[in-house]
Amino acid sequence: MRASLLQIDVNDTESVDSRRRRVAALVREQDGADLVVLPELWTTGAFAYEGFGAEAEPLEGPTYEVMAKAASDAGVWLHAGSIPERPASDSGSAEGPLYNTSLVFSPTGELAAAYRKIHRFGFDKGEAVLMGAGSELVTVRLPETVIGVATCYDLRFPELFRGLVDAGAETLVIPAGWPERRRSHWTLLAQARAVENQAFVLACGTAGTHAGVPQAGHSIVVDPWGEVLAEAGPGEEVLTVEFDPAKVATTREQFPALKDRLLGLDVPRR
Ligand SMILES: NC(=O)CCC(=O)C(=O)O
C-alpha cells in the first residue's frame, strides 16, 4: 500500500483560497497513491484562532467540494485533514457551535466519513473554548486496511486509540498542527501509539509558522513494531511510503500482547 502525507506549509501570508487551490493541485499529483493524508486545519492554521469563525464552513462547503473533486481526479482515498466546521442548525440557519472536523473521501469523491475531534487543545482558551467536542469514534474500511482517525491533541489520549483498535482499526491516521516546541512528544507519542496498538501510525503535521507558532513538521510513519518507516523534515514536503498492511496481523499473532488485556474488559480479576 502506498500512502502520501502532504506536510503543508501553513503561514499567515497565503490566503485560504490560494492554499486550497494549491493543496488540491498537490493531491491531484498523487495519482499513484492508495491513500493521501493532509494535516489538521490546514486552511486556517491550527493556532490561528481568530480565523476559525471567519473561515468556518459547513461540512459540504468549499473545502469539501474542492477535496472531493481532487480525490476523484487522482483516484485516491483522501483523508483531507480537518476544517473548522460550522454545522447548519436544525432550523437551517448558519449559526451553531464550531467543530474541528476531518473529512475522508473515497476514490470516487464520495464522503466516506467525517470525524469531529474529541479532545480540543488549549485548556481554557483557543480551540478548547471556540470549538465543540466530538463524541464518536470513526473507522473507515479501505480495500487494504481499516483506518482509525484521530486529530492532533487526541494523540495524547491512548484510550481513544484503544477504542479505535477495538472497532477494527489497523492503521491510525492522525492529521495535526503540532508545534515545534513539543516535537519530541510528537515523535514519542506516534511511536507509542503504534507499539501499544500494534498498528501502523500515519501522522501528518504542518510546516511553516502561523499565528506566531512555528510548526514541527516531521510527519511520521511508524510500523506496528514501532519502527519509523519514514519521517519528513521541517519544511513543506510530500512524504511517500510503501507499507504492507498484513504486518498488523502478523505482529498481533507473533506478539499477542493485545490478547493479554485485563482492564476495561469483562474478565475476572485476580
Ligand atoms: N492542534 C493541537 O491539537 C495541538 C496539540 C499540541 O500542541 C500538543 O498536544 O502539544
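I need a count of the residues in region 3-16 that are under 18 Å from residue 103 (Cα atoms) and either assigned to a loop (DSSP other than H, G, I, E, B) or not aliphatic (A, V, I, L, M) (or both).
3
In region 30-49, what residues are touching a strand residue (DSSP E or B) at 6+ places or on another chain (Cβ under 8 Å) and either outside any loop (DSSP other than H, G, I, E, B) or more than 16 Å from the ligand (Cβ to nearest atom) (or both)?
Answer for region 30-49, where residues must be touching a strand residue (DSSP E or B) at 6+ places or on another chain (Cβ under 8 Å) and either outside any loop (DSSP other than H, G, I, E, B) or more than 16 Å from the ligand (Cβ to nearest atom) (or both): 30, 32, 33, 34, 35, 36, 37.
Picking from 177, 208, which residue would you name as being within 10 Å of the ligand (Cβ to nearest atom) and modelled with pLDDT of 95 or more?
Going through 177, 208 in turn, the sole match is 177.
Residues in region 227-250 that are more than 14 Å from residue 3 (Cα to Cα) and open to solvent by 10 Å² or more (accessible area, probe 1.4 Å): how many?
Residues that pass the stated criteria total 10.
Can you tell me which residues in region 179-197 are in contact with a helix residue (DSSP H, G or I) (Cβ under 7 Å, 6 or more places away or on another chain) and open to solvent by 10 Å² or more (accessible area, probe 1.4 Å)?
Scanning region 179-197 gives 189, 193, 196.
Looking at region 200-214 only, could you name the residues that are touching a helix residue (DSSP H, G or I) at 6+ places or on another chain (Cβ under 6 Å) and open to solvent by less than 10 Å² (accessible area, probe 1.4 Å)?
201, 203, listed by residue number.
Determine, yes or no, whether residue 76 is more than 27 Å from residue 179 (Cβ to Cβ), among the β-branched types (Val, Ile, Thr) and under 18 Å from the mean Cα position of the chain (by Cα).
For residue 76, the condition - more than 27 Å from residue 179 (Cβ to Cβ), among the β-branched types (Val, Ile, Thr) and under 18 Å from the mean Cα position of the chain (by Cα) - is met.
I want to confirm something. Restricting to region 135-167 and keeping residues that are small (Gly, Ala, Ser) and more than 13 Å from the ligand (Cβ to nearest atom), which single residue is surrounded by the fewest Cβ atoms within 10 Å (Cβ to Cβ)?
Once the filter is applied, the top-ranked residue is 135.
Please determine whether any residue of region 87-95 is polar (S, T, N, Q) and either under 18 Å from residue 202 (Cβ atoms) or touching a helix residue (DSSP H, G or I) at 6+ places or on another chain (Cβ under 7 Å) (or both).
No, because not a single residue in region 87-95 is polar (S, T, N, Q) and either under 18 Å from residue 202 (Cβ atoms) or touching a helix residue (DSSP H, G or I) at 6+ places or on another chain (Cβ under 7 Å) (or both).
The values are calculated or read from the model by the stated rules, or taken from the named source; none is laboratory data. Model, not experiment: these values are computed from the prediction. Glycine gets a Cβ as well: all are built from the backbone with ideal geometry, and neighbour counts include every protein chain shown. With ligands, DNA and RNA removed, areas are computed over all heavy atoms of the protein, side chains included. Shrake-Rupley method; radii C 1.70, N 1.55, O 1.52, S 1.80 Å.
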